[in-house]
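Structure first, then comments.
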Amino acid sequence: MTISPSGLSRRITGRRYRRLATGGTNRSLRERGAALVEFSLVTLLLLTLGMGTYEMGMAWNDAQLVTQAARSGARVAAQLGSDTQSDQRVLEAIDAALDDVDAGLVRIVIYDAGAPDGSMTSSCESANHPGRSGRCSVYHLTHLTAFSQGSWDPVSRNDELTNADYVGVTIEIDRPLMTGFFGANPLRMSDTAIMRIEPRFGP
């Protein structure tokens, strides 16, 4: 059998085409696999960034609520001074300012902030309601609905013009992470506001 040069050329060309076609298919599959891996990595990165942004945004919002609640409480304490219902009104103001964040309330401390740096005494730092010692009252979530007066009785607070006390209000809450993407432990938030008790004039 005789094969003409043109027929041989067609056979060689056909084999080369099949080799090229097979190689092209494998390369296409490899490219698709690489694209899938890259897409997975990018998606994971974007998901992490999205979750982190969401958590940080919600945490920042709740931190602002805690700050506003501490200021509201300190403002009420400064205005009422030695009024017997001062602490109860402070808790009511804090409860209103915290909104639904109060579910994670750890404690509220109303204390004598007369120290140069405005800090509470070490005995108040670790005290439980109604406070073991020192000029402070410690309250918890249950006291928002069932109030009982703490150790630092408002009656003993000085609201005289020349020597009025400074009152501090510290709030601590545990905020659960909303997504659970960054762990199960809650985020502890706290803030303190200090104000001078407004002096009372007259008898």
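Which is out of contact with any Phe, Trp or Tyr (no Cβ under 7 Å at 6 or more places or on another chain), within 10 Å of Val169 (Cα to Cα) and surrounded by 21 or more Cβ atoms within 10 Å (Cβ to Cβ), of Val66, Val90? First the steps, then the outcome.
Details: Val66 fails: within 10 Å of Val169 (Cα to Cα).
Checking each option against the conditions leaves just Val90.
Test each condition in (1) loosely packed, with under 12 Cβ neighbours inside 10 Å; (2) at pLDDT below 90 for Val155 and report the one that comes out false.
All conditions are met except number (2).
Can you tell me how many residues in region 165-179 are assigned to a loop (DSSP other than H, G, I, E, B) and surrounded by 19 or more Cβ atoms within 10 Å (Cβ to Cβ)? Even if it seems obvious, please write down each step before you answer.
Pass one, region 165-179, residues assigned to a loop (DSSP other than H, G, I, E, B): 165, 176-179.
Cutting the leftovers down to surrounded by 19 or more Cβ atoms within 10 Å (Cβ to Cβ) gives us 165.
Number satisfying all stated conditions: 1.
Test each condition in (1) farther than 30 Å from Gly57 by Cα; (2) at pLDDT 95 or above; (3) of a type in the set (A, V, I, L, M) for Ala93 and report the one that comes out false.
Exception for Ala93: condition (1).
State the number of residues belonging to region 75-102 that are in a loop (DSSP other than H, G, I, E, B) and under 15 Å from Tyr139 (Cα atoms). Walk me through how you get there before you give the answer.
First, the residues of region 75-102 that are in a loop (DSSP other than H, G, I, E, B): 81-85.
With under 15 Å from Tyr139 (Cα atoms) added as a condition, the list becomes 85.
Residues in region 75-102 being in a loop (DSSP other than H, G, I, E, B) and under 15 Å from Tyr139 (Cα atoms): 1 in total.
For region 135-149, give me each residue that is modelled with pLDDT of 90 or more and crowded, with 20+ Cβ neighbours inside 10 Å. Break it down into steps so the answer makes sense when it comes.
The initial filter retains those residues of region 135-149 that are modelled with pLDDT of 90 or more, namely 136-149.
Within region 135-149, Cys136, Ser137, Val138, Tyr139, His143 qualify.
Which members of region 148-165 meet the condition of being more than 20 Å from Arg107 (Cα to Cα), in contact with a strand residue (DSSP E or B) (Cβ under 9 Å, 6 or more places away or on another chain) and of a type outside the set (A, V, I, L, M)? Even if it seems obvious, please write down each step before you answer.
First pass over region 148-165, keeping only residues more than 20 Å from Arg107 (Cα to Cα): 155-165.
Next cut, in contact with a strand residue (DSSP E or B) (Cβ under 9 Å, 6 or more places away or on another chain) only: 157, 164-165.
Those that are more than 20 Å from Arg107 (Cα to Cα), in contact with a strand residue (DSSP E or B) (Cβ under 9 Å, 6 or more places away or on another chain) and of a type outside the set (A, V, I, L, M): Arg157, Asp165.
With the condition kept exactly as written, say whether any residue in region 39-49 is assigned to a helix (DSSP H, G or I), surrounded by 11 or more Cβ atoms within 10 Å (Cβ to Cβ) and among the small types (Gly, Ala, Ser).
Step one: of region 39-49, the residues assigned to a helix (DSSP H, G or I) are 39-49.
Restricting the remaining residues to those that are surrounded by 11 or more Cβ atoms within 10 Å (Cβ to Cβ) gives 47-48.
Now narrow it down to the ones that are among the small types (Gly, Ala, Ser): none.
So far as region 39-49 goes, no, none of its residues is assigned to a helix (DSSP H, G or I), surrounded by 11 or more Cβ atoms within 10 Å (Cβ to Cβ) and among the small types (Gly, Ala, Ser).
The values are calculated or read from the model by the stated rules, or taken from the named source; none is laboratory data. The model shown is predicted, which means the values in this text are computed figures rather than measured ones. All Cβ positions, glycine included, derive from the backbone under ideal geometry; neighbour counts span all protein chains shown.
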